[in-house]
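Colleague: Structure below; questions to follow.
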Amino acid sequence: MFFTIRILDIIDILLAAILIYQVYKLIRGTVAINIFIGIFALYVLWIAVKALNMELLSTILGQVLGVGVLALFIVFQQEIRKFLLYIGTQYRSRSNVSFRSIFFRSVDKSSGVNIDAILKASRNMSDSKTGALIVIQRTTSLESYEELGDILDANTNSRLLENIFFKNTPLHDGAVIIVRSRIRAARCVLPSTDNLNLPAHYGMRHRAALGISENSDAVVVVVSEETGDISFVEAGHIRSGITIAEMQNMLENALNKQR
């Protein structure tokens, strides 16, 4: 028996492998990975049962897997959303042609974020071990999270950020959301990450920072209340114990991606 392998077959296999790998990257370390392994094992069992011509069991498993497609969208809705967000973010960051660039060529493409104010506030809060959670919007709208907090719509400056996160103020508990040059809202509630492999010393601020970075393309700055360490979070990845200079470089690189 001879097999004919076309170039399209090779491309098909490569694309399928890339898709599976990207899905794995999104769900590894979460509860979803165990569900995915269970479904994959069930599918392999169904293939084996069909090959052995076990009609009854094959029919039952086939029906379960048929209904399981709908269940997948329900169980993995967060992971599917993250995957689609990842694709859209990668396209927007790499593409030089967009709707806005075609119809609004004169638009100012600078991020408008006052990085110096964020750096100064972070340094001061790190020195005083004041806990902080600063979310900086990029292309994904965070309006739904802004509405859960208190709308400020104030100019971004270091004194205001430090005052918001001072532990005796009513706004310190929660996140600050910054949109371009404005502090849009404070005391915002963010989704927590489902990642099960985080170090035990990560508190709710770090988990919330990872959660919002998994559900949007926002970048997050976290100041630990216990240690004063500064962390930078982007796309579900966290860098802890960074210096102000490193933070500046990360912020500038991250915000330049949306230009």
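Colleague: With (1) of a type outside the set (D, E, K, R); (2) in contact (Cβ under 8 Å) with a residue 24 or more places away in the chain; (3) buried (at least 21 other Cβ atoms within 10 Å of the Cβ) as the list, and Ile164 as the residue in question, which single condition is left unmet?
Modeller: Result: Ile164 passes all but (2).
Colleague: A further question on this structure: Any idea how many residues of the stretch 171-207 are at pLDDT below 90 and β-branched (Val, Ile, Thr)?
Modeller: 1
Colleague: Could I ask something else about it? Counting only residues that are without any contact (Cβ under 8 Å) to a residue 40 or more places away in the chain and buried (at least 16 other Cβ atoms within 10 Å of the Cβ), how many does the stretch 193-248 have?
Modeller: Count: 13.
Colleague: Oh, and also: Hey, could you check the stretch 124-155 for residues that are assigned to a helix (DSSP H, G or I) and polar (S, T, N, Q) and say which is surrounded by the fewest Cβ atoms within 10 Å (Cβ to Cβ)?
Modeller: Of everything passing the filter in the stretch 124-155, Ser144 is surrounded by the fewest Cβ atoms within 10 Å (Cβ to Cβ).
Colleague: Six or more apart or on different chains, Cβ under 9 Å: which pairs go from a residue in the stretch 172-192 that's more than 21 Å from Glu214 (Cα to Cα) and touching a residue at least 40 places away in the same chain (Cβ under 8 Å) to one that's part of a strand (DSSP E or B) and of a type in the set (A, V, I, L, M)? Could you list them?
Modeller: The qualifying pairs are His172/Ala132; His172/Ala186.
The values are calculated or read from the model by the stated rules, or taken from the named source; none is laboratory data. Since this is a predicted model, take the numbers as computed values, not measurements. Glycine gets a Cβ as well: all are built from the backbone with ideal geometry, and neighbour counts include every protein chain shown.
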